[in-house]
Amino acid sequence: MGPLSLVNARPSDAERDRALAVLREGAGSGRLSHDTFIRRMNFVLRAQSRGELDSVLTDLPRPEPRLAGWMRTTRSRIKRVDVWRRLEDFLGIPLARRELPAVPVPNLALPAAGSPTVRIGRGDGATLRLGDISVSRHHAELRHVGDGWMVRDLGSMNGTEHNGRRITTPVRVRPGDQLRFGAIVFTLTWTDEPE
């Protein structure tokens, strides 16, 4: 049986089902309109040869072969296993990715009571100027109110977080609290506390 006779061979039900699955995927992903899907589905159901089935699917991506899918899944499972560490022990060279050491969070000292408002941002008018692109030009401010300090977001793009929660109204802060301005994180301390 030559290649030409295989193209002209009558398609099996399984081949029709695979062709219909490709059409369904094409319609679901927006590659085929509803009318085109119906027209091609009817053509698949009436196809007299494998060549006719192939002609309906030429402009659509085919599903991944089983072996390729199995290989991809196996590779991802192997990555999870500690194989690389065993290999590096055997070869004597590092292969596995290493965890980066945790970077300590810098301290931000609260000014003494009665100090002026501290403006935080990337812009020229900021008291505490942060050069990170995630920080807005006028990001937030720390203001002494009554017997303590309050932090207020100034409508920044990436927000201000107090102890992991994004703030939308002024919030009272104390030493030990964490403040995040965009991607920059600080731990609050007193002015006279050593760093």
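Annotations
- Along each principal axis, Cα extent of region 7-61, largest first, Å: 31, 18, 17
- Accessible surface of region 107-189, 1.4 Å probe: 48 percent of it comes from carbon and sulfur atoms.
- Two-decimal log10 I(q)/I(0) for region 107-189, as the Debye equation yields it once each C-alpha is a single scatterer, q = 0.12, 0.23, 0.25 Å⁻¹: -0.28, -1.12, -1.33
- Two-decimal log10 I(q)/I(0) for region 135-182, as the Debye equation yields it once each C-alpha is a single scatterer, q = 0.25 Å⁻¹: -0.89
- Accessible area (Å², per residue) of region 107-189, counting only protein heavy atoms and a probe of 1.4 Å: 54 Å²
- Residues with amide H under 5 Å from that of N107, placed H, sequence gap 5 or more: T187
- Portion, in percent, of the accessible area of region 7-61 that falls on carbon or sulfur, probe 1.4 Å: 49 percent
The values are calculated or read from the model by the stated rules, or taken from the named source; none is laboratory data. Keep in mind that what you see is a predicted model, and the values were worked out from it rather than measured. Side chains are part of the model used for accessible areas, which takes the heavy atoms of the whole protein and leaves out ligands, DNA and RNA. Shrake-Rupley method; radii C 1.70, N 1.55, O 1.52, S 1.80 Å.
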